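The values are calculated or read from the model by the stated rules, or taken from the named source; none is laboratory data. Note that this is a predicted model, so its numbers are computed, not measured. As a convention, Cβ positions derive from the backbone with ideal geometry for all residues, glycine included, and neighbour counts pool all protein chains shown. The accessibility values were calculated without ligands, DNA or RNA, using every heavy atom of the protein model including side chains. Shrake-Rupley method; radii C 1.70, N 1.55, O 1.52, S 1.80 Å.
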Amino acid sequence: MADKKSLGLLAQAGVEAYQESPNEEYMSDEQLTHFRKILEAWRNQLREEVDRTKSHMQDEAANFPDPVDRASQEEEFALELRTRDRERKLIKKIEKTLGLIESDDFGFCKTCGIEIGIRRLEARPTADQCIDCKTLSEIKEKQLGG
Ligand SMILES: [Zn+2]
């Protein structure tokens, strides 16, 4: 049996890939509910991870007399802090996306306004651009950054 992580966000939220009924409108209430479930489950899981890291670091914040132990502990903490920072940013992004669902703006490309698509959103629920705009902005970013 596959573990939770490899099953992805849908399994984590306890939902199946969305099946549209014939003539169903894009981003119908059912679809919005579907994505709200996915996003909330994802956010809750990240929050748990952040909490776990926090308490783990408090437990481990003992003083090691040995400088080698101390150095490796500091390294480990630095890594955990980076992970937490990433998770916090992701939580913010998820909350912003949940806000889009509330205001009925979810599922459309912020750049060109077309439908992002259910399958793409299931793979990346925080996507706010269609695949074309995303690809373009990544190319631009690379040019600026390179
Ligand atoms: Zn677009």
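Would you mind getting me the FRET efficiency between Ser21 and Thr111? Use the beta-carbon distance for r and R0 = 35 Å, nearest 0.05. For Ser21 and Thr111, the calculated efficiency is 0.75.
Listed values for the stretch 125-136 are Karplus-derived 3J(HN,Hα) couplings in whole Hz (6.51 cos²θ - 1.76 cosθ + 1.60, θ = phi - 60°), namely x, 8, 4, 10, 9, 6, 4, 5, 5, 4, 4, 4, and x replaces Gly and Pro.
Rounded to the nearest 0.05, what FRET efficiency is calculated for Arg120 and Gln45 with R0 set to 25 Å and r the Cβ-Cβ distance? Kindly include the intermediate steps, with their values, before the conclusion.
Values: r = 21 Å, r/R0 = 0.84.
Rounded to the nearest 0.05, the efficiency is 0.75.
Computed from the C-beta positions of Glu87 and Lys140 and an R0 of 22 Å, the FRET efficiency is 0.25 to the nearest 0.05. Dividing the summed -39500 (n - 2.57) terms of all DSSP H runs of n ≥ 4 by the residue count of the chain sets its mean residue ellipticity at 222 nm at -23000 deg cm²/dmol.
Its residue count N sets the reference 2.2 N^0.38 Å, and the alpha-carbon radius of gyration of the stretch 26-106 equals 1.56 times that reference.
Mind checking Rg over Rh on the chain, alpha carbons, Kirkwood formula for Rh? Provide the component values of the computation, followed by the final result.
Working: Rg = 19.6 Å, Rh = 17.9 Å.
Dividing the radius of gyration by the Kirkwood radius yields 1.09.
Counting only alpha carbon atoms, the long axis of helix 67-102 and the longest principal axis of the chain meet at about 20°. With protein chains left intact and a 1.4 Å probe, residues in the stretch 26-106 average 66 Å² of accessible area per residue.
Heavy atoms only, probe 1.4 Å: what % of the accessible area of the stretch 21-104 goes to carbon and sulfur, would you let me know? Accessible surface attributable to carbon and sulfur in the stretch 21-104 totals 49 percent. Full extension of the chain between Asp104 and Glu76 gives 5.9 nm of extra length, using 0.36 nm per residue less the Cα-Cα distance. Annotation: amide H of Ala13 has no partner in the under-5 Å range at sequence separation 5 or more or interchain, hydrogens built in the peptide plane.
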